[in-house]
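Trainee: Structure below; questions to follow.
The values are calculated or read from the model by the stated rules, or taken from the named source; none is laboratory data. Note that the structure is a prediction, hence the values are computed from the model and not measured. Quick reminder, even Gly has a Cβ in these numbers, built from the backbone with ideal geometry, and neighbours come from all protein chains shown. Side chains included, ligands, DNA and RNA excluded: accessible areas come from the protein's heavy atoms. Shrake-Rupley method; radii C 1.70, N 1.55, O 1.52, S 1.80 Å.
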Amino acid sequence: MQIALSDLIVGKHIICSCEGIAEKTVIELLMDSDKLCFNRKNLIDNECTTLRKAKDIANEYLTREYELEIVILRIIDREKDNFKIPSTYLLNRKVAFFDVVTKPEIEILHIIHYGLTKEFERFCKRQKQKFNASSFCKSELPLEHSLAKNIKSENSIRRIYENNIDGLVDTIKKYHRIMQHNTYCLYDLIKKAA
């Protein structure tokens, strides 16, 4: 059994590296609504980053001294095994990293949110492509054209979820139930009820 991600990051400085603006917006909406197991005070510089390369993250964050251990949370859409902090940044410092995977893509949340998982499965079969959530959302979501066309934009994400954070949390819980996870997922970051 996997150790709870919340237990692994508690009491540590967090660098939250998001694959793109959509992932960053989802995390920030949840964090600012007190739905995550961490908050802005836990984040280095009080914000998420879209830096993804290990060396870029190290240059930006690991050249400073910190009182606590550091954890890098990577919000990504697939497991990657080539993330390695250069050893010169690790001298006398403990840095752990954990992948939070949103496979097939962050747009799967929209598909689940709008109750279109069966339609998505049929779409993938028709297209002979597995997990093309972005294309599906652009053509099938019941949104005004400008939102659907820019489904990964901060504006689109905010318009869908900003006034419905509990709906976003429910969507993440449904995502956790219907997708098979061998890694941590967004559900593992959601604050559990006491």
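Trainee: Non-local amide H neighbours of C16 (under 5 Å, H modeled in plane, Pro and chain starts lacking H): which ones?
Mentor: Under 5 Å from the amide H of C16 lie the amide H atoms of I44, T49, L73, each far enough along the sequence or on another chain.
Trainee: Going by the alpha-carbon gyration tensor, a ≥ b ≥ c the square roots of its eigenvalues, is region 1-101 rounded (a/c under 1.5) or, if a/c is not under 1.5, prolate (a/b greater than b/c) versus oblate?
Mentor: rounded
Trainee: In degrees between 0 and 90, to the nearest 10, how far off the longest principal axis of the chain does helix 165-178 point, with axes built from Cα atoms?
Mentor: The helix 165-178 is inclined about 90 degrees to the chain.
Trainee: Identify, among I21, S6, N42, the residue whose Cα sits farthest towards the positive end of the charge dipole of region 1-158, taking +1 on the Cβ of Lys and Arg and -1 on the Cβ of Asp and Glu, with the dipole about the Cα centre.
Mentor: I21
Trainee: Sort region 64-139 into rounded, prolate or oblate with this rule: let a ≥ b ≥ c be the square roots of the eigenvalues of the Cα gyration tensor; rounded if a/c is under 1.5, and if a/c is not under 1.5, prolate when a/b is larger than b/c, oblate otherwise.
Mentor: Details: a/c = 4.97, a/b = 2.94, b/c = 1.69.
Prolate shape, in that a/c is at least 1.5 and a/b is the bigger ratio.
Trainee: Express in Å², to the nearest 10, the accessible area of S134 obtained by rolling a 1.4 Å probe over the protein heavy atoms while all chains stay in place.
Mentor: Rounded to the nearest 10, the figure is 20 Å².
Trainee: By how many degrees, 0 to 90 and rounded to 10, does the Cα axis of helix 21-32 deviate from the longest principal axis of the chain?
Mentor: 70
Trainee: From the backbone phi of region 2-17, what are the Karplus-calculated ³J(HN,Hα) couplings (6.51 cos²θ - 1.76 cosθ + 1.60, θ = phi - 60°) in whole Hz, Gly and Pro given as x?
Mentor: 6, 5, 4, 4, 4, 6, 7, 10, 4, x, 10, 6, 10, 10, 9, 9
Trainee: What whole-number value in Å² describes the accessible area per residue of the chain for a 1.4 Å probe?
Mentor: I get 56 Å² per residue for the chain.
Trainee: Helix 117-127 versus the longest principal axis of the chain: what angle, 0 to 90°, nearest 10, using Cα atoms?
Mentor: 80
Trainee: Right, something else. What number of lysine-lysine pairs in region 39-167 show an alpha-carbon separation below 18 angstrom, given a sequence spacing of 8 or more or placement on distinct chains?
Mentor: 21
Trainee: Tell me the carbon and sulfur percent of the accessible area for the chain, rounded to whole percent, probe radius 1.4 Å.
Mentor: Answer for the chain: carbon and sulfur cover 45 percent of the accessible area.
Trainee: Follow-up question, since we're still on this one. How long are the semi-axes of the equivalent ellipsoid of the chain, taking √(5λ) for every eigenvalue λ of the Cα gyration tensor, in whole Å from largest down?
Mentor: Working: eigenvalues 184, 61, 51 Å².
Its equivalent ellipsoid spans semi-axes of 30, 17, 16 Å.
Trainee: Let me know the shape class of region 7-54, please: from the alpha-carbon gyration tensor, a ≥ b ≥ c as square roots of the eigenvalues, rounded when a/c is under 1.5, otherwise prolate if a/b is greater than b/c, or oblate.
Mentor: oblate
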